[in-house]
Amino acid sequence: MKKFLIASGVAVLALASVASAQGYQFSTNLTVGSTGPDVVALQTWLIANGYHIASVESGAAAKGYFGSQTKAAVTKFQAAKGLPSTGFFGPLTRGVLNGGAAMAGAVNTMTCPAGYVCTQVGAPSTPGTVSAPTGISTPGIPGTLAVSLWNSPSDGTVVYKGQSYDVVAYKLQAAASDMAVQSIGLDFNNRLWLYASAITIKDDTGAVVGQVSNLNSSSFSELTVGSDYRITIPITNYVVKATQTRYLTANITFLPTSDRSTGNIGVTAVQVRSVDGTGVTDTEPTTAVATRTFSYQGSGAGTVVVTVDATSPLAGLIQISTGGQTQGVPLAVYDIKSQNAPSVLRAISFIVSTTGGKTPEQLFSQYNLKIGGQTVGAQTVTPNSTVNGQSTTTVTFTNFGSVNLPADTYVPLTLTANVQASTNNTLDGTIASTTLVVAGTNPTVEDQSFASLSVNTGTFISSNLTFSGSSATLSNLTATLGAAVTGSSGSATITTGYNVSFGFTVTAGNNSLFLSADPNVSLSTTSSGFGSTASSSLTVAGVVTNPGQISGDTNITSNSGYYVVPAGSSRQFTFNGAIDNTNGSKSFKSFSITAVKYGTTTSSLTAGTINYNLQPLKVTATF
C-alpha cells in the first residue's frame, strides 16, 4: 500500500509562527558538511528553541559546521512541525524558519521522502523564477566547478612570524555554465589562529577577492577535536567563465608575536562553493585533495643574520705613530641580528689578513671587540700561514660572558686593534683587512634554552686599510716596457732604448704632499747590466695625472714646479718616457724606480721618501 503525503501551501504558511525571532533569512540548502553563517544561525535558533546540539552547547565544538548532531536536531524540528523528517534543511524547512517568505517555490522544489508518493496541493499556478547571480552570462544553464590542488606554491614552504606567505593554490575549471564563486572553505590540521592573523584569497591577477582578518577560535569550526579546523572565507565578485580555468591562492599573514615556536601546518581539504546559471549551488571537491603543508618558524626558532655595517671604515690610509703604539684603530664594523627570538652571543671569530711583507702579529699588538656597551679583548690569536704574500691570523672572542641580542634588532660589532709603532717607517704600506666567515657555529649564538641558533651562511670582508707613519703611501704600481727605440751605427740599425711607462697612486695622510715636477728630483732610479762604463737614464716625455691639473699645482710643464696631493686624498701619476743605453752594448738590462720622494712643504720636496714594496716598478730589456 502506497503512502501519500499532501504538501499544502496553506498548512505550511500556518507554521509561520515559528519564524526566527532574530529576523535571519536563510537562503541556501544545508546538509551534513555545510559550513558558514547560515549554519551558525540555524544552530543558534535550534538550541534557543530546545533542539539540542550537545557538542556546541558544551563548548567542545564551535558553531558553523553542520554535523550529525545538527542533522538530528533538524530532524526533531521537522517531526515536530509535520515536515518530512529527513534532516535536510531545504526549501520547505527554510520557508518555515523564514516566516513563509521562501514558500512561494518551496513545494515545487521539495524532495519526496523514500516510500512516499507526494502530491502538492495549493501550489502557485506559476512556478517561481530563479534569476542567475550577478556576473553570470549563462542564465538558465546548469554547470559545475572542478577544483584541484595547484603545484605552486610548493609543499614545505618555510614561513616566519610577522610576514605573509602564499601557502596553497587551487585550479578552478568551469563546465557548461559560468560559476560565481561564493566561498572557499579550508581545513587545517592545526589551530591556525595561534599562528596567524589573517587569510587572504587572491585571484590569478593578484586581486584580493576574499579575506578574513583578526583570526580567532570562533573563525573556525572544529571538525575533529585537536586535529581538524575549517574556516570559510566569503568570496565576492569572482566568476569563472564557462569552460575557463582560473586560480585562487590563499595567502596567510602570520602574527608578529606568538607563543608558538615552531609548527608544521597542513591545509588538508578545500570546499569551493559556487552558483551556476540556474541559481543552483555547487560545492567542490566532493573528495579530499592532497595536503599542502608549511613549516612555521616562530618566536623560539631564531636564526642569526650578519652583515657589514654602513659605518665600517672605507678603504684608505691610516696614519700611525713612529714613536709608540696607535691605540684602538677601528678595523671593521659588522652587524649581527638574532632573527625571530632573543638570544645570547657566546663566541665569534674573525680572520685578519695583511700584505706588504708584515704579518698581523708584526702590525697589531692587541685586538678588542666593542658590543652591547662593553669592550673585551681577544681570547685567542692564532697565526695561520702566508700564501702569495698574504698572511692571516684567526682572532677569537669567547670571554665576554653573555651579550644579549634582542629579537629582530641589528647590534653592531666593532673590531679594533692597537697598532705597533712604525719605527723607521718599517710598517709603512702594510695593508690589512678583516673577514667574518659565517658558517656552522661561527658566531655561536644560543637561545634561552641554550640551543645554538642556525646562521645565514656567508663571507663578509671589510675594506683594505693601508698603514703609514710617513703620511704617504703608494699603490697601483705599474711598469710597462714599450716599443724599442732604434738608431744607426755605421750601416747597422741598433736598439738604443725602449719606451716605458711607470705609474703609481700617491695617498696623503694628515698632511698635504708635494712632488717635484722634475722626475730627476721626485724619483730615485737604478739600473743593472749596462756594464762598468755604461750609463742609463729615464727621459720623461710627459706626466699624466688623475685628476688632471688641480689647484695648487705650480709650473708643472717646465719641470721647475711641483704637484700637490691634498691631505686625505689620492692622486695617480703616470710617467711616460724612454730609457736609453748610452754605450750600445748588447746585454740584458733592468731599470727600476726605487723610491718616490715628496715634501710636506713646497720648500722640502725630498724630505720624505717612499721606498717600500716598489718591486713592480721595474722593467727589463735586451739591447
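Could you give every pair whose Cβ atoms fall below 6 Å, whose first residue belongs to the stretch 542-562 and is at positive phi, and whose second residue is part of a loop (DSSP other than H, G, I, E, B), counting only separations of at least 6 or pairs across chains?
555/561; 559/517; 559/518
Assuming residue 177 fulfils every condition listed in (1) more than 27 Å from the chain's Cα centre (by Cα); (2) outside any strand (DSSP E or B); (3) free of Cβ contacts under 8 Å to residues at least 60 places away in the same chain apart from one, which condition is it?
It fails just one condition, (3).
Rundown of residues vs (1) in a strand (DSSP E or B); (2) at pLDDT 90 or above, yes/no style:
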{"residue": "202", "(1), (2)": "yes, yes"}
{"residue": "206", "(1), (2)": "no, no"}
{"residue": "209", "(1), (2)": "yes, yes"}
{"residue": "212", "(1), (2)": "yes, yes"}
{"residue": "215", "(1), (2)": "no, yes"}
{"residue": "226", "(1), (2)": "no, no"}
{"residue": "229", "(1), (2)": "yes, yes"}
{"residue": "246", "(1), (2)": "yes, yes"}
{"residue": "251", "(1), (2)": "yes, yes"}
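Kindly check whether there is at least one residue in the stretch 136-145 that is assigned to a strand (DSSP E or B) and at pLDDT 80 or above.
Within the stretch 136-145, one or more residues are assigned to a strand (DSSP E or B) and at pLDDT 80 or above.
Just checking, how many residues over the stretch 443-459 are hydrophobic (A, V, I, L, M, F, W, C) and either under 17 Å from the mean Cα position of the chain (by Cα) or surrounded by fewer than 17 Cβ atoms within 10 Å (Cβ to Cβ) (or both)?
Residues that pass the stated criteria total 3.
So, restricting to strands (runs of 3 or more DSSP E) that lie completely within the stretch 583-623, which ones have at least 2 residues that are assigned by TED's automatic domain parsing to the domain that holds residue 483, among the basic types (Lys, Arg) and modelled with pLDDT of 85 or more?
Those strands (runs of 3 or more DSSP E) do not exist here; none qualify.
Among what's in the stretch 45-56 and is of a type in the set (A, V, I, L, M) and either closer than 17 Å to residue 220 by Cα or touching a Phe, Trp or Tyr at 6+ places or on another chain (Cβ under 8 Å) (or both), pick the residue that is modelled with the lowest pLDDT.
56
For residue 20, state whether it is of a type in the set (Ser, Thr, Tyr) and at pLDDT 50 or above.
no
Across the stretch 203-238, what is the number of residues that are among the aliphatic types (A, V, I, L, M), loosely packed, with under 13 Cβ neighbours inside 10 Å and in contact (Cβ under 8 Å) with a residue 60 or more places away in the chain?
Within the stretch 203-238, residues that are among the aliphatic types (A, V, I, L, M), loosely packed, with under 13 Cβ neighbours inside 10 Å and in contact (Cβ under 8 Å) with a residue 60 or more places away in the chain number 1.
Write out, first by first residue and then by second, each pair whose Cβ atoms fall under 6 Å of each other, whose residues are 6+ apart or on separate chains, and whose first residue, in the stretch 73-94, is surrounded by fewer than 19 Cβ atoms within 10 Å (Cβ to Cβ) while the second is part of a helix (DSSP H, G or I) and modelled with pLDDT of 85 or more.
Taking only residues 6 or more apart or on different chains, the pairs are 85/75; 85/78; 85/79.
Could you tell me which numbered condition residue 375 fails, if it satisfies all but one of (1) assigned to a strand (DSSP E or B); (2) closer than 23 Å to residue 475 by Cβ?
Only one criterion is unmet by residue 375, namely (2).
Restricting to the stretch 329-344, count the residues that are crowded, with 22+ Cβ neighbours inside 10 Å and at pLDDT 90 or above.
The qualifying residues number 4.
Taking into account only those residues within the stretch 542-578 that are among the aliphatic types (A, V, I, L, M), under 47 Å from the mean Cα position of the chain (by Cα) and outside any strand (DSSP E or B), which is nearest to residue 476 (Cα to Cα)?
For the stretch 542-578, the residue satisfying everything is 567.
How about the stretch 57-91: which of its residues are out of contact with any helix residue (DSSP H, G or I) (no Cβ under 7 Å at 6 or more places or on another chain), at pLDDT 85 or above and of a type in the set (Gly, Ala, Ser)?
67, 68, 72, 79, 80 - these are the residues of the stretch 57-91 that are out of contact with any helix residue (DSSP H, G or I) (no Cβ under 7 Å at 6 or more places or on another chain), at pLDDT 85 or above and of a type in the set (Gly, Ala, Ser).
Take the residues in the stretch 403-454 that are out of contact with any Leu (no Cβ under 9 Å at 6 or more places or on another chain) and acidic (Asp, Glu), then tell me which one is nearest to residue 313 (Cα to Cα).
The selected residue is 428.
The values are calculated or read from the model by the stated rules, or taken from the named source; none is laboratory data. Since this is a predicted model, take the numbers as computed values, not measurements. A quick note on method: Cβ atoms are made from the backbone with ideal geometry, for glycine too, and the neighbour counts reach across all protein chains shown.
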